[in-house]
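The values are calculated or read from the model by the stated rules, or taken from the named source; none is laboratory data. This is a predicted model, so every value here is computed, not measured. So basically every Cβ, Gly included, is an ideal-geometry build from the backbone, and we count neighbours across all protein chains shown. Note: areas computed on protein heavy atoms with side chains; ligands, DNA, RNA excluded. Shrake-Rupley method; radii C 1.70, N 1.55, O 1.52, S 1.80 Å.
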Amino acid sequence: VDGSLDTAIDLLENLEVHEDKIKRNLNYTKGLIYTEALMMRLSDEIGRLEAHDLLHELAQKSMNEDKDFKEVLLDNKIVSSNLTEKEIDDIMKPEKYVGLAEYFAETVAKKE
């Protein structure tokens, strides 16, 4: 266990975070990484199968036309009549998808 802990400490002490590269990588798909979360939210309004099919179609359109997914979503009457731009923005916030990272970071920090 001590060896694993030493390795983890060494990795974390030498970890370099490049926020600009993280942001670039998150934006690489132009918002498509949020498709599942959007489908789950939209399924509350129009049903799961319909939300799945619609978002699949809109994701294809986003890729084929090289448009941001949010723009394609807002241009769609079904989406825009069921979700506000603010709701879409809230779903498409990457900071909402860190899972338990904060908890684990705080737990490890307390042990030092």
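Once you order the gyration tensor axes a ≥ b ≥ c over the Cα atoms, which shape class does the chain get: rounded for a/c under 1.5, otherwise prolate or oblate by comparing a/b with b/c? Walk me through the intermediate numbers first.
Working: a/c = 3.23, a/b = 2.28, b/c = 1.42.
It is prolate, given that a/c is not under 1.5 and a/b is the larger ratio.
With respect to the cross-link table entries 21/70; 21/67; 86/110; 23/77, which display a Cα-Cα separation exceeding 26 Å? The partial results should precede the final answer.
Details: 21/70 21 Å; 21/67 21 Å; 86/110 37 Å; 23/77 29 Å.
Too far apart for the 26 Å limit: 86/110; 23/77.
Once neighbouring chains are kept in place and the probe is 1.4 Å, which whole percent of the accessible area of the chain is contributed by carbon and sulfur? Mind showing how you got there, number by number?
Numbers: 4650 of 8660 Å².
Roughly 54 percent of what the probe reaches on the chain is carbon or sulfur.
Working out 0.36 nm times the residue gap between residue 9 and residue 108, then minus their Cα-Cα distance, what length gain in nm do you get to one decimal?
Details: separation 99, 0.36 × 99 = 35.64 nm, distance 0.96 nm.
Stretched out fully, the residue 9 to residue 108 stretch lengthens by 34.7 nm.
Can you tell me the accessible area per residue over the stretch 15-112, all protein chains present, probe 1.4 angstrom, in square angstrom? Walk me through the numbers before you get to the answer.
Values: 7340 Å² over 98 residues.
The answer is 75 Å² per residue.
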Electrostatic dipole magnitude of the chain [Cβ: Lys, Arg +1; Asp, Glu -1; Cα centre; debye, to 20]: 320 debye
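If I stretch the segment between residue 98 and residue 50 completely, what's the gain in nm (0.36 nm per residue apart, minus their alpha carbon distance), one decimal?
Value of the extension gain: 14.5 nm.
Multiply the residue gap between residue 16 and residue 68 by 0.36 nm, knock off their C-alpha separation, and tell me the result in nm, one decimal place.
Details: separation 52, 0.36 × 52 = 18.72 nm, distance 2.93 nm.
Going from the current span to full extension adds 15.8 nm.
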Of 63, 12, 82, which is farthest towards the positive pole of the chain's charge dipole, taken about the Cα centre with +1 and -1 on the beta-carbons of Lys, Arg and Asp, Glu respectively? 82
